[in-house]
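Here is the structure we will look at, set down as structure tokens.
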Amino acid sequence: MGLGAVGPGCAGMGPQRLLWFLLPTAAFLGLLFLSSLRLPKVQLSACVWGGRPCGWLGGRGETPPPVQGRKPPLLSRLSGSRLPLPRHGTPAPAQAPRCPGQAFQISRLLAAFRACVTPDGEILLGEYLAGWKELIKLIDALGAAFGLLAQETQTKMEILQGHRAGPHAPHYRTLQAMVAFELQRGLVGLRVLPPDWPPSGCRTLLRLHRALKWLELFLGKLSHSGPEEDPSQLCAVAYQAALAPYHSWWVRQAAGLAFLALPSRRELYGLVCAEGEREARAMLLDAVGIIARVYNVTQRVYATRGLLELP
């Protein structure tokens, strides 16, 4: 539909109905504009914009009160964006890419998340971030409307990588060690995080954790979907279950409109470079099972410590 065709429909609306039409549209256009911007080099404190935690992946955006007489712990600064993610533990055997030249490779995603959980049930943060590095490429492939989500996800990964490269790096090798360390040192901020303190690793990973559930649900629904089912609707249902409760009205409207720009079901299946739809479904189900295992272990750690509702 051309822009000129919108006029008569809008002219028939009352002022209140016109406002309800324009507000989500403006939010979506703002999202597209922001996703087209190139982010500057990110420092460790960049995830707190104007004293508020980043919003897209689950931050509610409260402004914490200033805390006097306390100095934040020293952490290393990051040198730039798109940092490499070093691996820990025994890496999985390298596999040739199924789609040479494509950024997203599901084999790397599966290898990283398979290696993420140790036999003792610990979450290795290096492998966790390596898995998210591939998920960002998948999010990028969903279209320009998801650019802001990919950028904020990358920012959160850089925050965690900054902790892993900082003076307390040994405490950031596993999720369990990070949680124990930050709780013991009072770095989590169970109610608010002082604005002059660096972002908490526990808070930051919780945002990724919530988004991981959204992707798990969406990929699961996609793998079971039929030709008549719209991927945008599947994605919206997964979003409502996993992320919408933590987002403002504006973000929910923008997200709902962004989902409308999703590629077709056939194009999404093509991202895994399978030989036919049956293999694509099987590969997606494999990914869902592996992601769910990582999610469930992380969920238990946060639930045991009472950290699932961190602001």
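The values are calculated or read from the model by the stated rules, or taken from the named source; none is laboratory data. As the structure is a computational prediction, the values presented were derived from the model and not from experiment. All Cβ positions, glycine included, derive from the backbone under ideal geometry; neighbour counts span all protein chains shown.
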### Query
Any residue in region 136-153 that is at pLDDT 95 or above and among the polar types (S, T, N, Q)?
no
### Query
Right, Gln151: in a helix (DSSP H, G or I), touching a residue at least 40 places away in the same chain (Cβ under 8 Å) and within 15 Å of the chain's Cα centre (by Cα) or not?
yes
### Task
Could you pull out the residue among Leu205, Leu187 that is at negative phi and assigned to a helix (DSSP H, G or I)?
Leu205
### Message
Out of everything in region 184-210 that is at pLDDT below 95 and aliphatic (A, V, I, L, M), what residue ends up being nearest to Glu309 (Cα to Cα)?
### Response
Leu190
### Message
Residue under question is Ser79, and the condition is that it be modelled with pLDDT under 95, polar (S, T, N, Q) and outside any loop (DSSP other than H, G, I, E, B); does it hold?
### Response
no
### Message
Just to verify a result, which residue in region 214-230, among those that are without any contact (Cβ under 8 Å) to a residue 60 or more places away in the chain and among the acidic types (Asp, Glu), is nearest to Leu135 (Cα to Cα)?
### Response
Asp230
### Task
Restricting attention to region 192-207, report how many residues are within 22 Å of the chain's Cα centre (by Cα) and either more than 12 Å from Lys156 (Cα to Cα) or not small (Gly, Ala, Ser) (or both).
10
### Task
Kindly indicate whether Ala241 is surrounded by fewer than 19 Cβ atoms within 10 Å (Cβ to Cβ) and either in contact with a strand residue (DSSP E or B) (Cβ under 8 Å, 6 or more places away or on another chain) or farther than 19 Å from Ala144 by Cβ (or both).
yes
### Sole residue being surrounded by 21 or more Cβ atoms within 10 Å (Cβ to Cβ), part of a loop (DSSP other than H, G, I, E, B) and of a type outside the set (Asp, Glu), chosen from Pro263, Pro227, Pro199, Pro195
Pro199
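For every residue, the table says whether it meets (1) buried (at least 21 other Cβ atoms within 10 Å of the Cβ); (2) assigned to a loop (DSSP other than H, G, I, E, B); (3) without any contact (Cβ under 8 Å) to a residue 24 or more places away in the chain.
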site: Ser232; (1), (2), (3): no, no, no
site: Val237; (1), (2), (3): no, no, yes
site: Pro245; (1), (2), (3): no, no, yes
site: Trp250; (1), (2), (3): no, no, no
site: Gln253; (1), (2), (3): no, no, no
site: Cys273; (1), (2), (3): no, yes, no
site: Glu279; (1), (2), (3): no, no, yes
site: Ala292; (1), (2), (3): no, no, no
site: Arg300; (1), (2), (3): no, no, yes
